[in-house]
Amino acid sequence: MKKIIVANWKMNPQTLEEARVLVSRTEHRMHQAADKTEVVICVPFIFLPPLNHYCGRIKLGSQNVSWLEKGALTGEVSAMQLREFKVSHVLLGHSERRLYLGETDSMVNAKIITALKYKLTPIVCLGASEGAKKTDMKKLVAKQFRAVTDNLADKLLQKIIFVYEPAWAISTMKNSAAATGEHAAELVSCIQKLTGGDSRVLYGGTVNQGNVHEYAMYPQIDGALVGAASLDSENFWAIIKEFHRESIHR
Ligand code: PGA
């Protein structure tokens, strides 16, 4: 199975030209890594249609989708609208949406169900909670997993990419600290067990060119969700290359 590196640009960059340059720099190098890695770039909605043109090997993801298929929901975007612009993935349950925008487990659950119905691959983050400590993470992740996969047939789990991303490891959070490779690998294995072993599980939180080896060296970590470092094409490429290198050596 290929490793998956997901960029989460959040509300960046500020211009389409910067976005185009960022995507193109990675796209042009992807022939060197595409045999072992898959790259998904989750961009602000407004950049999805224009960036489509610059993506070949790179896949485009959105950072949200509505749980409603259509209708009256101001400010939201539907799964079918995303499909029309060849979006293949959608990031769900991110800490920032949970902590600042009131996204709940049951909303994430409903969004997963809608996304799957429209053949969008959900990339689902587990590990967001205000004030949760490292020692609480196994319990928290198990609770969130059960809630967000409620009423979902077991066979659908393999269509979901999960991410272990503790809020305390996200680079922009106050007093953040990246998880150690050992902790990330342990929690990734826990999530894999919860899924029955069929889903791919990534690690997210301050992954960058300086520490990526610490995560890529663990075979059970299927890739990374990358925020800040994905806004620098050299840094992002170094992350892709490292997962690629580790896969070749295995
Ligand atoms: P970070 O962000 O890599 O800057 O910590 C990751 C994320 O929020 O998904």
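Quick note: the coordinates plus some simple rules give every number you see, no bench work behind them. On a predicted model such as this, the values are computed, not experimentally measured, just so you know. No Cβ is skipped: glycine too gets one built from the backbone with ideal geometry, and neighbour counts run over all protein chains shown.
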So which trypsin sites (Lys or Arg not before Pro) in the stretch 7-101 are both in a DSSP loop and have at most 15 other Cβ atoms within 10 Å of their Cβ? R57, K70, K86
The residues C190, C55, C125, sorted from fewest to most surrounding Cβ atoms within 10 Å, come out as C190, C55, C125
If Lys and Arg each add +1 and Asp and Glu each add -1, what is the summed charge of the other residues whose beta carbon sits under 13 Å from the beta carbon of D198? +2
Mean ellipticity per residue at 222 nm, deg cm²/dmol - from DSSP H runs of n ≥ 4 across the chain, formula -39500 (n - 2.57): -11500 deg cm²/dmol
The stretch 65-82 - phi-based ³J(HN,Hα) in whole Hz, Karplus 6.51/-1.76/1.60, Gly and Pro as x: 8, 6, 7, 7, 6, 6, x, 8, 8, 4, x, 9, 10, 8, 4, 5, 4, 5
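Taking R0 as 30 Å, what FRET efficiency do you get between A177 and K70 from their Cβ-Cβ distance, rounded to the nearest 0.05?
Details: r = 43 Å, r/R0 = 1.42.
About 0.10, to the nearest 0.05.
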Any residue on another chain or 5+ positions along whose placed amide H is under 5 Å from the amide H of G205 is listed here as L225, G227
Rounded D (µm²/s) - the chain, Kirkwood Rh over Cα pairs, Stokes-Einstein at 10 °C, 1.306 mPa s: 89
With an 8 Å Cα cut-off and a minimum separation of 6 or more residues, compute the relative contact order for the stretch 7-132 in percent. 22
Just in the stretch 142-218: which trypsin sites (Lys or Arg not before Pro) are loop by DSSP and have at most 12 other Cβ atoms within 10 Å? K174
Could you check which residue among N52, N235, N175 shows the biggest mean-square fluctuation in a GNM of the chain with a 10 Å Cα cutoff? N175
Relative contact order of the chain, defined on C-alpha pairs under 8 angstrom at six or more residues apart (%): 20
From fewest to most C-beta neighbours within 10 Å, the residues V148, V77 line up as V77, V148
Order of K241, K119 under a 10 Å beta carbon neighbour criterion, fewest first: K119, K241
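Using only Cα atoms, what is the ratio of the radius of gyration of the stretch 191-250 to 2.2 N^0.38 Å?
The reported ratio for this selection is 1.14.
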When the stretch 148-240 is reduced to its Cα atoms, the Kirkwood hydrodynamic radius in Å: 13.7
Quick one: work out the % antiparallel among DSSP beta bridges in the chain, nearest 5. 0
So who's got an amide H within less than 5 Å of the one on I4, skipping anything under 5 residues away but keeping other chains? H placed 1.01 Å off N, in plane. E38, G223, A224
P(r) of the stretch 1-130 over all Cα-Cα pairs, 10 Å bins starting at 0, rounded to whole percent, reads 12, 43, 34, 10, 0
Hey, got the dipole for the stretch 116-250? About the Cα centre, +1 on K and R Cβ, -1 on D and E Cβ, debye to the nearest 20? 460
